[in-house]
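**Student:** There's a structure below that I have some questions on.
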Amino acid sequence: MHVGRHNHRSSSLLTALAALALGCSAQRAAEPEASPAVPAGAADIRVTGIALGAAVGLDKKVLQPADVFRPEDTVYVSVVTAGTSSNTLLSARWQRDGRVLEETTQAIAPAGSANSEFHVSKPGGFEAGQYEVEILVEGKPVQKLRFTVQ
């Protein structure tokens, strides 16, 4: 019987060691999630389309694309993104003659295709001339559109 007890102890010891080993490997696997060095999923988002217009619908899409506006118009840009992210910064930088007029940033968390909208207006109206809007993802320029105010 002494031999049987020894096998029972060995079996219990092996079971305990196996459980300990599994617990340690599970902890190691969880460690990278606990220490985010880069915004999760930001690299998974890409801009697949942008459009300018004087109005957007509830779906945040431009109702009628345009690239010529009146001074009193509010100019909208609809940005279509694809991909999945829990937190990505999407920005629109409005410029004239190399000067930034306004920059707006939104945190987005899409799961697939998504629409975002940005807009700019100026009390008293825009000066006639050439303008552009640049779209940025995580601070990096990805697309640009030019428009005219007449």
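**Student:** Within the stretch 107-122, identify whether any single residue is under 20 Å from residue 149 (Cα atoms), in contact with a strand residue (DSSP E or B) (Cβ under 6 Å, 6 or more places away or on another chain) and among the polar types (S, T, N, Q), and answer yes or no.
**Tutor:** No, the stretch 107-122 contains no residue that is under 20 Å from residue 149 (Cα atoms), in contact with a strand residue (DSSP E or B) (Cβ under 6 Å, 6 or more places away or on another chain) and among the polar types (S, T, N, Q).
**Student:** In addition: Just one of (1) at pLDDT 95 or above; (2) more than 21 Å from the chain's Cα centre (by Cα); (3) of a type outside the set (A, V, I, L, M); (4) more than 21 Å from residue 96 (Cβ to Cβ) trips up residue 28, so point out which.
**Tutor:** It fails just one condition, (1).
**Student:** So how many residues does the stretch 56-81 have that are in contact with a Ser or Thr (Cβ under 7 Å, 6 or more places away or on another chain) and within 14 Å of residue 136 (Cα to Cα)?
**Tutor:** Of the residues in that region, 3 qualify.
The values are calculated or read from the model by the stated rules, or taken from the named source; none is laboratory data. These figures come from a predicted structure and were not determined experimentally. In this analysis, Cβ positions are derived from the backbone assuming ideal geometry, glycine residues included, and neighbour counts consider all displayed protein chains.
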